[in-house]
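The values are calculated or read from the model by the stated rules, or taken from the named source; none is laboratory data. All of these numbers come straight from a predicted model, not from anything done at the bench. All Cβ positions, even for glycine, are placed from backbone atoms using ideal geometry, and neighbour counts span all protein chains on display. Only protein heavy atoms, including side chains, enter the accessible area calculation; ligands, DNA and RNA are left aside. Shrake-Rupley method; radii C 1.70, N 1.55, O 1.52, S 1.80 Å.
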Amino acid sequence: MYEQKTKETNHSVVEFIENVDSQKKKEDAYKLLDIFTETTGFEAKMWGPSIIGFGSYHYKYKTGHEGDAPLVGFSPRKAKISLYFAPGDPNREELLSKFGKHTTGAACVYINKLADVDVDVLKAMIQQSVDFLLRTYPQE
């Protein structure tokens with residue numbers, strides 16, 4: 001049976017950020033912590049060893065695969081900062097066009113540093129992602 005790797009843990013978010021090697025990434029991580037907390041209203045939690053997540057939702061795919069995931073989150077990784085948003089949100093591209101310097105993956109948006117992006121657009125993307133997931137996966 002499939003075991004979900006990325007689960008909410010009781011590890012300290014601040015301790016994780018304090019262990020980030022790059023001073024600039026550490027500073028950006030604290031700014032992102034404030035932005036995500038203020039925008040979502042959720043407390044930050046560690047998901048797995050390296051994702052700082054906010055809120056959670058339970059998903060179930062048509063294949064029967066199901067699990068829990070953070071509504072939104074981020075991770076200050078060595079190469080880039082990963083921002084985690086709703087997979088499948090059809091309205092994400094419009095905001096990304098105004099976001100600033102970034103690259104994308106399926107559910108991730110990658111940035112080098114917070115100064116490269118528009119923070120107001122980031123806040124809109126966070127809120128849009130939370131709203132989309134709560135509509136798509138209503139909590140029972």
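The table that follows gives values for the structure above.
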| quantity | calculated |
| --- | --- |
| Residues that are part of a loop (DSSP other than H, G, I, E, B) and either within 23 Å of K123 (Cβ to Cβ) or out of contact with any helix residue (DSSP H, G or I) (no Cβ under 9 Å at 6 or more places or on another chain) (or both), drawn from region 3-13 | E3, Q4, K5, T6, K7, T9, N10, H11 |
| Region 108-126: number of residues that are of a type outside the set (S, T, Y) and either open to solvent by 70 Å² or more (accessible area, probe 1.4 Å) or part of a strand (DSSP E or B) (or both) | 7 |
| Whichever residue in region 14-32 is touching a helix residue (DSSP H, G or I) at 6+ places or on another chain (Cβ under 7 Å), of a type outside the set (D, E) and in a helix (DSSP H, G or I) and, among such residues, is most open to solvent (accessible area, probe 1.4 Å) | K31 |
| Only one of G105, G41, G53, G73 that is loosely packed, with under 13 Cβ neighbours inside 10 Å, under 17 Å from D131 (Cα atoms), without any contact (Cβ under 8 Å) to a residue 60 or more places away in the chain and not aliphatic (A, V, I, L, M) | G41 |
| Qualifying residue in region 98-106 (condition: over 13 Å from the mean Cα position of the chain (by Cα), β-branched (V, I, T) and assigned to a loop (DSSP other than H, G, I, E, B)) | no |
